[in-house]
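The block underneath contains the structure these notes are about, expressed in structure tokens.
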Amino acid sequence: MTGKIVLLPGDGIGAEVIYAAKDVLEAISKKYHHSFEFSSYDIGGVAIDNHGTPLPDETVTACMQADAVLLGAVGGPKWDNNPSDLRPERGLLGIRKALDLYANLRPVKGFANLLHASPLKEDIIKDSDLLIVRELTGGLYFGQPSKRIDNGNAVVDTLAYTKKEMERIIDKAFQSAELRNNHLTSVDKANVLESSKLWREIVEEKKKDYPNVTVDHVLVDAAAMKLITNPTQFDVMVTENMFGDILSDEASVLTGSLGMLPSASLAEDGVGLYEPAHGSAPDIAGKGIANPIAMILSAAMMLRYSFNMNTEAEAIEKAVESVLNQHYHTADLKNDNGKLVNTKEMTQLIVNAIS
Ligand SMILES: NC(=O)C1=CN([C@@H]2O[C@H](COP(=O)(O)OP(=O)(O)OC[C@H]3O[C@@H](n4cnc5c(N)ncnc54)[C@H](O)[C@@H]3O)[C@@H](O)[C@H]2O)C=CC1
Ligand SMILES: CC(C)CC(=O)C(=O)O
Ligand SMILES: [Mg+2]
């Protein structure tokens with residue numbers, strides 16, 4: 001099979017880990033006789049530097065014409081004081097909107113050999129395996145107005161959703177629960193927010209369509225606590241954009257590192273974009289020590305969702321597991337008795353495990 005994959009390396013470690021995923025995909029294409037054609041485009045800070053905009057038109061066009069998109073990460077201190085429309089993050093939000101990537105699936109599953117790497121107690125995180133379904137193209141990150149008012153003495157951000165936007169992500173979450181353990185936890189702030197009240201009503205309405213799925217509602221503050229005190233109670237969690245953003249970084253602690261958490265950003269019908277949950281990590285960028293596994297597992301999700309290549313996706317996941325079972329780890333994964341490797345070495349180990 002052939003496939004056109006657009007790479008959006010972005011900034012900081014984004015540009016380091018995306019080539020790790022490419023190496024792994026090349027190993028997969030060799031082993032399983034596929035032919036992936038890669039092309040790279042600018043997004044984020046690098047696009048501001050090269051094109052004067054965080055999301056050049058040619059990047060959007062290339063993504064729309066691709067079979068799938070892999071994205072590293074955007075952002076960094078160099079652009080932190082730019083005006084809002086010239087920030088790298090605008091590029092990321094822009095491509096999500098342009099491709100209508102409303103559903104961000106973030107699986108959180110610890111590898112048995114990494115239990116020690118989490119600061120949480122092993123008996124708490126053991127067997128945790130959940131999926132965060134995050135709405136990705138609405139809510140506070142997109143609502144207008146979002147600006148300073150009253151001569152800079154006040155500020156407004158807007159949390160806006162249409163009913164349709166809520167319905168489609170909630171449907172996606174119910175469908176995801178049906179493919180897993182039939183348990184859906186809807187996370188909201190319905191004791192305060194009007195948007196959350198509507199969200200909860202829709203979940204209640206929709207549950208009639210999915211009779212096999214058990215539904216809980218949990219307020220987001222309590223959800224944050226339960227996620228790290230009793231994570232095995234969760235199967236699928238569904239929530240709006242910002243809550244999902246925050247909860248998924250928190251959930252990464254179950255896996256030992258933010259550098260372990262992959263994601264798939266999916267449209268109703270169209271190209272998918274696959275991106276690690278982490279950002280550009282300016283504190284370690286350029287040192288060659290970033291953990292490439294979140295990016296590599298995102299590439300596995302791409303094979304599964306965009307190319308229907310389950311065997312190949314599993315081959316990547318098994319390769320990652322076998323390397324971790326041999327006690328190799330990057331610096332973010334604490335392991336006093338393990339073998340510390342850098343980004344390139346970790347990638348090569350995974351490539352070797354596939355070949
Ligand atoms: N999807 C994206 O492109 C995202 C971009 N950002 C941007 O990234 C920049 C930095 O944001 P931060 O808040 O520092 O979040 P971050 O996710 O980049 O880093 C948080 C911490 O996790 C560590 N970390 C993250 N990924 C890692 C990996 N693969 N291997 C080892 N350690 C890893 C970092 O070193 C840092 O200590 C900002 O400009 C922010 O806007 C943040 C989140 C997502
Ligand atoms: C620009 C941010 C919304 C990116 C982020 O933190 C994320 O998607 O996880
Ligand atoms: Mg985030």
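The values are calculated or read from the model by the stated rules, or taken from the named source; none is laboratory data. Computed from a predicted structure; not experimentally measured. Virtual Cβ from ideal backbone geometry, glycine too; neighbours counted across all protein chains shown. These area figures cover heavy atoms from the full protein model, side chains too; ligands, DNA and RNA do not enter into them. Shrake-Rupley method; radii C 1.70, N 1.55, O 1.52, S 1.80 Å.
Would you check if there is a residue in the range 266-275 being farther than 30 Å from Met166 by Cα and touching a Phe, Trp or Tyr at 6+ places or on another chain (Cβ under 8 Å)? Checking the range 266-275: not a single residue is farther than 30 Å from Met166 by Cα and touching a Phe, Trp or Tyr at 6+ places or on another chain (Cβ under 8 Å).
Quick test for you: out of Val203, Val238, pick the one residue that is assigned to a strand (DSSP E or B) and within 29 Å of Leu93 (Cβ to Cβ). One residue alone meets the criteria, Val238.
Looking across Gly52, Gly10, one residue alone is in contact (Cβ under 8 Å) with a residue 60 or more places away in the chain and of a type outside the set (Lys, Arg). It is Gly10. Annotation note: Cβ proximity below 8 Å between a residue of the range 140-162 that is more than 21 Å from Phe243 (Cα to Cα) and a residue that is within 16 Å of ligand 1 (Cβ to nearest atom) and part of a strand (DSSP E or B) (sequence gap 6+ or interchain) occurs for no pair. Out of the residues in the range 266-304 meeting the condition of being among the hydroxyl-bearing types (Ser, Thr, Tyr) and more than 10 Å from ligand 1 (Cβ to nearest atom), tell me which one is farthest from Ala20 (Cα to Cα). Only one residue tops the list, namely Tyr274.
Selection over the range 57-71 of residues that are open to solvent by less than 10 Å² (accessible area, probe 1.4 Å) and either out of contact with any strand residue (DSSP E or B) (no Cβ under 9 Å at 6 or more places or on another chain) or modelled with pLDDT under 95 (or both) gives a count of 0. Listed by first and then second residue, the pairs linking a residue in the range 236-260 that is open to solvent by 10 Å² or more (accessible area, probe 1.4 Å) to a residue that is in a strand (DSSP E or B) and away from ligand 3 (no atom under 13 Å from the Cβ), with Cβ atoms under 6 Å apart and 6 or more places separating them unless they lie on different chains, are Glu240/Glu135; Phe243/Val187.
Of the strands (runs of 3 or more DSSP E) lying entirely inside the range 96-190, those containing at least 2 residues that are in contact with a strand residue (DSSP E or B) (Cβ under 7 Å, 6 or more places away or on another chain) and open to solvent by less than 30 Å² (accessible area, probe 1.4 Å) are 103-109, 129-135, 183-188. If you go through the range 1-20 and pick out every residue that is more than 17 Å from Ala285 (Cβ to Cβ) and open to solvent by less than 40 Å² (accessible area, probe 1.4 Å), you end up with 4. Each residue in the range 256-298 was checked for being under 15 Å from Leu136 (Cβ atoms), away from ligand 3 (no atom under 16 Å from the Cβ) and modelled with pLDDT of 95 or more, and 5 of them qualify. The single condition among (1) of a type in the set (Asp, Glu); (2) touching a residue at least 40 places away in the same chain (Cβ under 8 Å); (3) within 18 Å of Met242 (Cβ to Cβ) that Asp127 does not satisfy is (3).
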